[in-house]
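Data block below; observations after.
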């Protein structure tokens, strides 16, 4: 063991006289620990929100959406052509439109989406979201979300009245199933029906509004989108899920960076305490510094001793904080004891996704800030002359 490290360790653990410095060092360690814990937990929650929203958005919608002005007449032929493209797993036609649902005296705006039931289950996760009923929809049956079902008191077999802009005369549909995606917005305002039923409802004829495409890697959707565009031509609009939700995920990324900067200030404040403790330690160890220099220790060694002191304080705080952060994330993810209002946050629980890269950045940043806080005190100790240090001892 280098003697500088041994002396640094002795200064930290052998505090018979300098009790006040010991208290400041302990406060510094706990300050760094609290900052690291807060950073790890908050970044894990932000990553959890990002992942949860991505899964729900991509689960209810397709990875790539193809549309054309005026609709797509030969949608079956286009589906067969798209399915031959490399990395495309499946595709399915759909038709979206706005409608009003009237139940007793309640009137709500909804999105009515016509789908091909046989193909849709291979493109989205709607089959997995089924809570009751069937996905095999007919022209006069619909699949509604759990929140809408609760709001209007609907059950399987009940009849609902839908009104479109194409025809103000209400059309009746029977509830064939209830789905639960876990995202309030979809469960409250999205209704599925048979593609032919949606075509009749909106009076579009045998035309699909678009084609949803599922690829083998959701993170490669932007790259595969270019291959699809090249294959089918540029008279179609081809957009990936990330483009359709660009503003939402950009806002989440910005919030994550902002929270990191704000909470990193906790670590910075704790490192000011480290600097204060080291400055006082230098004052207390003036005699020791003089003796060390008189027996041959150079400026570099003295500087290293006090830098190692600060590093050990910061390292201890970082390790304690990392253990606390990982433990709290595990508890939040396992027991989910924090519930959220679904109508505000879209989800009903606090999501946690602990990413290794985020944890490494937090730990590295905490140790780096701790080391930076040792520069001035260690420089002050190193420039001290042995004669001046021992003059009054």
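The values are calculated or read from the model by the stated rules, or taken from the named source; none is laboratory data. Remember, it's a predicted structure, so these values are computed and weren't measured experimentally. Please note: Cβ atoms are built from the backbone with ideal geometry, for glycine as well, and neighbour counts cover all protein chains shown.
Only residues that are exposed (fewer than 14 other Cβ atoms within 10 Å of the Cβ) and touching a helix residue (DSSP H, G or I) at 6+ places or on another chain (Cβ under 8 Å) were counted in the stretch 235-247, giving 1. Residues of the stretch 207-218 include none that is without any contact (Cβ under 8 Å) to a residue 12 or more places away in the chain, under 25 Å from residue 81 (Cβ atoms) and either in contact with a strand residue (DSSP E or B) (Cβ under 9 Å, 6 or more places away or on another chain) or in the same structural domain as residue 350 (by TED's automatic domain parsing) (or both).
Mind telling me which of the residues 89, 68, 139, 121 ends up being touching a strand residue (DSSP E or B) at 6+ places or on another chain (Cβ under 9 Å) and part of a loop (DSSP other than H, G, I, E, B)?
Every option except 139 fails the conditions.
Once the stretch 151-168 is narrowed to residues that are touching a helix residue (DSSP H, G or I) at 6+ places or on another chain (Cβ under 9 Å) and not in a loop (DSSP other than H, G, I, E, B), the residue that is surrounded by the most Cβ atoms within 10 Å (Cβ to Cβ) is 160. On the given criteria, is residue 276 surrounded by 17 or more Cβ atoms within 10 Å (Cβ to Cβ), without any contact (Cβ under 8 Å) to a residue 40 or more places away in the chain and either part of a helix (DSSP H, G or I) or in contact with a strand residue (DSSP E or B) (Cβ under 6 Å, 6 or more places away or on another chain) (or both)? No, not satisfied. Does any residue of the stretch 283-299 turn out to be part of a helix (DSSP H, G or I) and modelled with pLDDT of 80 or more? Taking every residue of the stretch 283-299 in turn, at least one turns out to be part of a helix (DSSP H, G or I) and modelled with pLDDT of 80 or more.
Regarding residue 109, is this residue touching a residue at least 12 places away in the same chain (Cβ under 8 Å), crowded, with 19+ Cβ neighbours inside 10 Å and either part of a strand (DSSP E or B) or not assigned by TED's automatic domain parsing to the domain that holds residue 184 (or both)? No, not satisfied.
Checking each residue in the stretch 296-318 for being touching a helix residue (DSSP H, G or I) at 6+ places or on another chain (Cβ under 9 Å) and without any contact (Cβ under 8 Å) to a residue 40 or more places away in the chain picks out 297, 298.
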